[in-house]
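Taken together, the values in this text are just the output of simple stated rules run on the coordinates, not laboratory data. What you see is a predicted model; the values in this text were computed from it and never measured. Glycine gets a Cβ as well: all are built from the backbone with ideal geometry, and neighbour counts include every protein chain shown.
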Amino acid sequence: MSIAPVVKRVVVKATPERAFELFTAKLADWWPLATHSIGAAKATGVELEGAVGGRIVEYGEDGPLGYWGTVSDWDPPKSLSFTWHPGTDPKQAGSVTVSFKPVDDCTEVELVHTGWERRPDGADARESYNTGWDYVLDFYVTSSR
């Protein structure tokens with residue numbers, strides 16, 4: 001059974017190059033670790049390693065707390081894709097693609113999250129992420145100002 005992707009679009013007041021850098025290299029500056037992490041109170045940072053095969057790693061004071069995914073496509077400043085399995089089995093990973101498109105003096109950022117069928121709780125997880133991505137992307141948009 002196919003479960004529809006989660007699709008989110010936001011507009012940031014930045015060039016595609018800056019929007020891409022903010023989403024990737026500056027992820028730790030805007031990601032709301034206090035509410036959206038696997039280590040919660042122990043989380044001190046997150047890093048997206050910018051290349052195909054790079055990992056998305058959540059850190060604590062003593063090193064990595066866990067892995068959120070792996071970069072599968074890297075095409076700055078147009079797009080990137082990565083597997084997505086924060087704190088769960090990588091075999092059940094979803095896929096996230098983020099695209100950056102210039103619009104006037106801003107950039108439209110589109111996030112598409114697929115692969116819900118690989119999870120036993122796919123439909124429920126999809127609904128949680130549907131609202132969760134809104135919350136997270138609000139921090140991204142705010143940090144771009």
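General observations
- Charge sum, other residues only, whose C-beta stays under 14 Å from T24's C-beta, Lys/Arg counted +1 and Asp/Glu -1: -3
- 12 Å beta-carbon shell around L48, net charge (K/R +1, D/E -1): -3
- Per-residue HN-Hα couplings for the stretch 57-66 [Karplus 6.51, -1.76, 1.60; θ = phi - 60°; Hz; x = Gly/Pro]: 10, 9, 10, x, 4, 9, x, x, 9, x
- A full extension of the chain between H36 and E127 corresponds to an added length of 31.2 nm, given 0.36 nm per residue minus the alpha carbon distance.
- Translational diffusion of the stretch 6-143, µm² s⁻¹ [Kirkwood Rh, Cα pairs; Stokes-Einstein; 20 °C; 1.002 mPa s]: 141
- Over the chain, DSSP H runs of length four or greater, each weighted -39,500 (n - 2.57), average out per residue to a 222 nm ellipticity of -7500 deg cm²/dmol.
- For the pair D75 and K101, the difference between a 0.36 nm per residue extended length and the Cα-Cα distance amounts to 8.1 nm.
- Around T114: net Lys/Arg minus Asp/Glu count, Cβ-Cβ under 14 Å: +1
- Note on F139 and A4: with the Förster distance fixed at 30 Å, the Cβ-Cβ geometry gives a FRET efficiency of about 0.75.
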